[in-house]
Structure formats: structure tokens, C-alpha cells
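Let me begin by presenting the structure, written as C-alpha cells, before commenting on it.
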């Protein structure tokens, strides 16, 4: 950085009083990441109100060599939106840019600014009898810009894909302050490199997403939620293939969790009860949705699908939610796994993926190896079986001192887990991104060819290195 | 280039006798593009047999500064696989790398080398009761590598997307000879920039695609093909929206053509007959497909959908193909438009796209303006209405001298058409790519920000400039 005061007064002239603050009361809430793992400091908090203000600010940052940390709802999982401790970086909030610029019901498209909150978009789509088919725990704070920059996932990826699949058009400010405008969606466009794709998932290291045109889907007319008890994870995979063959297009989500994980949730949620009477080694939570065309037949089709699965011996037991309330209760169990595990004691968490067919083999090996190597610890694998996405938590031995155990065993366990993932040709970040959290691990285990390509592209587009320094690369 | 003889002998040592030839009889057929618009010369024709041979050859080309022109089936529409006239470029055919390495029926994935011909892949998928849902006129020659490098489209994009949407994993040789290996598909993978996306559609200017893992879909169990007569293009769009609302997930293709275009085809195909008895200003060819789950109900659903469209006054007349032979006859009309127009006289052709809602307005304006400005010429717009993709042909006035008319009016007409496309915020290349054909027009009309980004990425990844020089950029 050249002269902080000169920079700040120029930035204030650009953004106005509302657009820039150094007031600790206003800045501090945004300096720690959602999971509380990283805390930084910031030169100031900038809150531009328009794309042109973002562009002017970025040019200013380039001229003064000020690093920019873009931030949406600050609900990321990898510290990607938290500044470093130097106090030299500018925190750039997109939250003031929160207009839904347009919704085209015929084309099923919404054009949103980066600061639009996911839940707001959900409601706006619902008002037009449409839906935006991506949801996750942080929907009340996560913003469109953050979801795009991290290529967010969630529980509907099986059917609708990650955020990448839902972005039809994009507007972003590049490191030189130019505005990349590809907001107008064209279903077919072969004019060279698809630059939009490069920005999606780049965690603010190549540019700042300021707006996007997103894909909407018809509203759901009928849903069916199933809870199934299973003897093994291979049986869960067989059930998934069975459901895909029978009802592929209706299959919205397919989540799995082990029996002891359900028990942990039931201890955590005193008013919840197990969906099934008996005990099972594994459980699957399955949702199938239908549009208006085949809503009437959904219940019958699901019954037939389950009956065939019983006949084939794939399912030990299963129940179909008999009401919307029961369906929500099933999903509440799934969504409570993370807080329940957290309440149960210290743990290290991993968000990994492997090829779909490898999930049972990977989980079996990883659980056995981790528990063998760290006696007393317990490994819990759950998550989005339909996406090959496993949330792999390792829980400290009972009675451990949390912080001390994290300090001594946290990193070695993560390295050990990631090594196993790499052997299975998987990814050490399925849906949470790299941020600060996994940067070293990415560089330790990532494909050197891919890493070299990323470094070249980063250097070419951001030669001064102002875009989210210290993240990802 | 340094010393051609030294390069050629080193290349021969790498590839063996079968892998390198300068024999004019063997090389010449590949020096002219499929449409016969570009003819070049080549230093030699290299035909490596493996990814490692490609990598070694690329390193050699880098050391000797030899430009590489990758080629698949040589059926591209924009001269992207044709060398320049210097005779200094190496033609690199991927056709020998034609193994289907694996098909995983459970995961519905095929891993193919770049030289696998599209039709071969179709048959291999069919043998497993699956299908690869992308097809186009050149399916008997187009290769997987070429389809990926050009992000090919076709008539099934409406439902299944362009090639990009079907590529799950990719292997490519980069300009420094390193091998980018992301063949193993992971449904969720957030480890930084999605480099695969950058290679798709980059026309060989950033790397050479050597293999890919592609998405397969369940086989079609039932299909229905409709021919509809319409009063106007807005009515066609209304019919499209109607069909999407009623049968969105089953809608496989939605093509439109004007009445005089049908007349041209019927003159060209003496044994063909008009699907409808009366005359109509516009025609739509619509296909709906169903999997095994709802195959039985497809016919009834389509009848109900059409009845509702008649009731709303959207359709003037319509007929449902009563046999597979009749369905094929309908599609044959659509596929014969290009050769029929070609036989009818000289024309300049444009493959453009605009936002879906703009298609009627764009076509009306472009036809009127072109025919007004070039009296006696006739403008024909047809194509993939569901994708906003219009094939816009301008036919010379009757009695024109073809080559002379092309020479005098071809370029001005194309510039005029592309200017209109730009005003409608469309793309001057919807599905055919840029290649040599549209390079100047891209640089004249493209977004300067996007062009600058492409140039920076190209310079960063291919600093010597050996990858398909003179194409796209």
C-alpha cells in the first residue's frame, strides 16, 4: 500500500459517507468468519451502492496497491471472505447492492445484484409461482455474489446442479476496474473462452461478481419425503441407483447418515423422534418432487418404487412422510447433524467428494483407518450420497480438552483424511471452497499442472495481486 | 520455426512412421475445410497414438516454435481446423486416438479418446440401453475432441444443453506439453478455477483435448414428433412457451422455419411432401421424448397439449407423426434446409443467437432491413427457436453470378447482419464457433473487456503462440 490516508480519502470521495466506514462497531462484526476460525483486521469497510462504484473503487485499490476482500453474507465455510490480520486490506461488502433488477417469468430468469440474500430470492421466485432450486443452511444470510464466487452446493445439487449450473449471465468488476458484462443470457454463445465459468468458484481472486442472471424453475406441485433404514452403505448406493432408474428426473435429494449420527441428533433435539422404530446401521433421507404435470401420480409412483426396493431386499425399513410437518421434521434431523455433532464435543470436519461409485469404499476405509490410528476418536461420515459428497467429521475421544486436542491432532487428522481422499481420486473441497482454510492442503495435494495453470491465469488477470490476496492461491 | 528438417526428424522419432507423414495424397484431403471456404498447407500431418505422444510432440513444437493445428473429423463450420497457407504449421490429427476407454452404465458415463466419432459413441451407448444426447449433421465424421473444442450444439440443446453440459471430465495437453488430467468426474469439486470449462469451446487455442468423460442419458422409450403450421413467429414463440409449461422436461427439440423455406426443401427433395395440407407462414417441428417411466402416457399428454394450443388459437394446423418413418420424414425436411438452400443459389449464412424473447423481433427487423437494403435478395431465418439460435441465410437475387455476388456483397451483408445482432445483444456465433471465418467480426463487435481477458489468458498459457495460431484470437 502507498499512503493509507490518501487512499481512504479518495475512497470516501468515490463512495460517499454511507459507502465507507472505519467505525470499529460497524466493521468488527464482519472481521470474523461464520465458523469463528479466522479473525482479521481491515483498513475500512467499503459498501458501494452500484457496479460503477465498485469499478471506481477497484481502480483506486489498484493504484494504491490495496488488497480487496469481497464479502457477501459472511457465511462461508473456509474463511474466504475474512481479511488477514495486517489491517492493510479493504473489506468490500456487496450487501448494499441488493436489488432484484428483473424477473422474467416466461424465460424463468431473475437478474439480481450480488448482495441479494438467497432467501429473498426464494420468496421473489415463489411470488411468481417459480423457485430458485438451490438452498442451504445459511440461506438467511448467504448472498448471490458469495454463492457464485464459491460455487455453492446444498441438498438439491443431485437434480439441479451447483450454483454454476444456475448462472445464466454474469456481471463482474475485473482487477483493472473494467466491467465484464455478460448479464444478458444467451442459451447458445460460442464466441471464445467462457469467461463467466472462470469467475464462478474463483472466490473473488479474479474479479468481483456484482450481478447475475439466474435460472428459475417451475414451482414444486407435490413432494414426497422418505426415510429409509439400511444395513450398509453399499445398500444405500444400490437404493440410490434404484431410485434414479425409476424416478431419475423427480429425485431432488438423497442424503445418508449412519445410525450413531441419528442418535447424536436425537440427543440434541429433545423433541425429535426417530422416523423408524428399529435400529439401523445407515439411514437415507430421500426427496422426490413433481411439477404440476405429474403431481397427481407422484405418491403412487413412489410407493411402487419403494415396494420394488423392498422386494429386491435393498431396504430394511422405510416410511413416507404423511404430512408437510413430518417431511420438515425429517429434514430437520438432517440439518441438525452439524450443530448436534458440534454440541457433542470437539471435532475436525472435512467436506470431501469422491467418484459416486467409490463412496462406500472410501467411507469404510477412511473410518477404519482414522479410528485405528487415533484410538478413542470416532469418525462420522454423512452427506449427499447422490453427489459423492461426504461430510467426514472426526470426533475427539471422550473427555478430550477441545482446544488442546485441536491443536495437537487437528491438522494431522486432516492431512491423513485428505491423503485418503487423494488416493481415491477425490476432492478435498466438494462444496465449501478453499479460502484460507484449505489453501495449504490444496497446494500440498493438488495436481501440479492445474495449480500452475491457476497461478498463470491469476498473474495474467491480477498482476498487482489486489483481488482477495491470500485466498485459494 | 527454427529448422524444419530437424523438427520433422525429431517428430518422426517420437511418433514413428505411422504417426507422421508428408505424403501429399494423405495430407491433402485434410487441408480444406468441410464447407470448402478455406484451404491451407501443412508442414506435415501428425497422427499421435496416445496422450503421451501428443505431449511429447507439443513440447517439440514449443522448442521449434512450430504452430499446431489440431483436427478431429474436419467437419467444423468456421475453418477452425484448417492450417494457414504458409506451410509452416503442423496438422495434428487426433483420429488415431479413437478408443472408448470405458463405459460405466451405473454412473451413465463414457470415457472416450478425442478421436472417437460421434456416431460410434451413439452406438456404444445404445448397446447399453443408454444414449449420448447430442447429435448433428456431421455425426459420421465429427469427433469427441472437436465437439468439445467447439462446444458443439445441435437439435437437442433445448433439453440437454450444448457439449459443455455433457462433459464431466477432461484430459488435455497444454501448450508447455504438460498433461491436464481431470478425467475422473466428481459431481462436486470446488478446488479453485474450473479449468475444464476454459478448455471447452476454446477451439484448440489453449490446449489439445485428448480424452473426456461424457454424460450419458437413459435411452428414449417413446418419442412423438409434431409438425405445426403457424401464422407468425410470435405465435411460434407462444407455442414454445405453451409446450414448455405443459411438458417442459419432455421437450427435446423445437425448430422453426418459414413457409418459403419449406417450399425450397420440397423442390429439392422430389419424394418429400409437405406434412400439412394448407399453406402457412411459419412451421414448427417439435419433438417430445419420454423414458420408460412415462412412455405410456406420452401420446395422450401430447394430444392434450396440442388440443389446448388449438383452443388458445396458437396453432393454425398440426399433425403428429404416426410412425417412426413419418417422424424421420419430418426431421429429414429440417435437415435438408441447408443443402436445399445451397442448391437454390448462392447465399451468405449466419449462425447467430439472441435472447429467447427477442427472436421474433430480431427476425422481423433483420429480414426487412436486409431485403430493403439489398433489393432482390431474400433473407431466410430458421433454426432452434428453443435456444434463441437463428440460422440466418441471405440468398442472392435470382440470376446473380454466385462468386461475383459473394465477392461484392457477401462481406457487407454479413457485417450488416452482425450489426443488427449486436444491437439485439446477441451472439455472432451461436454454435459454430469463431475459427478463421468470424475472427475479424468478433474483434470488430466483441466486448473489448472480454476480448482483453481472452488475450491475457492466451498469452499467459501459450506465450510462444503455438496453439492453433490465427484462430479465434
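The convex hull built on the alpha-carbon positions of region A:107-155 has an orientation-averaged projected area of 3.4 nm². Inter-copy label distances at residue A:221, shortest first and taken from points set 7 Å along Cα to Cβ: 2.0 nm.
Ranked by the mean number of other Cβ atoms within 10 Å per residue, highest first, peptides A:231-240, A:141-150, A:250-259 order as A:141-150, A:250-259, A:231-240.
Give the average over all directions of the projected area of the C-alpha convex hull of the protein assembly as shown, one decimal, in nm².
40.4 nm²
So, R0 is 30 Å and r is the distance between the beta-carbons of residue A:100 and residue B:245; what FRET efficiency does that work out to, to 0.05?
In this case the efficiency is close to 0.85.
Each peptide in B:275-282, A:399-406 gets a packing score, the mean of other Cβ atoms within 10 Å over its residues, and the list from highest to lowest is B:275-282, A:399-406. On the basis of the beta-carbon distance and an R0 of 45 Å, residue B:419 and residue A:65 show a calculated FRET efficiency of 0.65. Only DSSP H runs of four or more residues enter the estimate; each adds -39500 (n - 2.57), and after division by the residues of chain A the mean residue ellipticity at 222 nm equals -10500 deg cm²/dmol. The per residue volume of the convex hull around the alpha-carbon atoms of region B:223-306 is 101 Å³. Shape analysis of region B:55-95 yields a ratio of the Cα radius of gyration to the Kirkwood radius, Rg/Rh, of 0.99. Taken along the Cα-to-beta-carbon direction at a fixed 7 Å, the label points for residue A:411 and residue B:263 span 8.0 nm. Spin-label model, residue B:310/residue A:307: points 7 Å from Cα along the beta carbon direction are separated by 3.6 nm.
A label point on residue B:25, set 7 Å along the Cα-to-Cβ line, lies at 9.0 nm from each of its counterparts in the other copies, closest listed first. With a 10 Å cut-off around each Cβ of A:450-460, the average count of Cβ atoms from other chains is 6. Each other copy places its own label point for residue A:408 at 9.2 nm from this one, sorted shortest first, where the point lies 7 Å along the Cα-to-beta carbon line.
How would region A:335-385 be classified by its alpha-carbon gyration tensor: rounded, prolate or oblate, with rounded meaning a/c under 1.5 and the a/b versus b/c comparison settling the rest? Oblate, because a/c is 1.5 or more while a/b does not exceed b/c. Take the Cα coordinates of region A:293-446, assign each an equal point scatterer, and use the Debye formula without solvent to give log10 I(q)/I(0) at q = 0.10, 0.13 Å⁻¹. Debye output, listed in q order: -0.47, -0.74.
Kirkwood-type hydrodynamic radius, region A:13-123: 14.9 Å, calculated from all non-identical alpha-carbon pairs. As a rough guide to protection, the peptides B:214-222, A:183-191, A:204-212 ranked by mean Cβ packing within 10 Å, highest first, stand as A:204-212, A:183-191, B:214-222.
Per-residue shielding of A:235-242, expressed as the average number of other chain Cβ atoms within 10 Å of the residue Cβ, stands at 1.
In terms of overall dimensions, the C-alpha atoms belonging to region A:353-435 reach 36, 29, 20 Å along their principal axes, ordered largest to smallest.
Where the alpha-carbon atoms of chain B are placed on the principal axes, they occupy 72, 57, 44 Å, in descending order.
Placing R0 at 60 angstrom, the Cβ-Cβ distance between residue B:338 and residue A:364 gives a FRET efficiency of 0.60 after rounding to 0.05. The distance between label points at residue B:127 and residue A:26 comes to 6.8 nm (points 7 Å beyond Cα on the Cα→Cβ vector). Counts of other chain beta carbons within 10 angstrom of each beta carbon in peptide B:173-179 average 2. Taking the Cα centroid of region B:226-281 and of region A:213-248, what is the distance between the two, rounded to the nearest whole Å? If we compute the Cα centre of each part, the gap is 37 Å. Considering only Cα atoms, the convex hull volume of region A:168-229 works out to 163 Å³ per residue.
Annotation for region B:96-174 versus region A:404-447: alpha-carbon center distance of 33 Å.
A short reminder: the numbers here are calculations on the coordinates, not readings from a lab. Computed from a predicted structure; not experimentally measured. Glycine also receives a Cβ, built like all others from the backbone with ideal geometry; neighbour counts cover every protein chain displayed.
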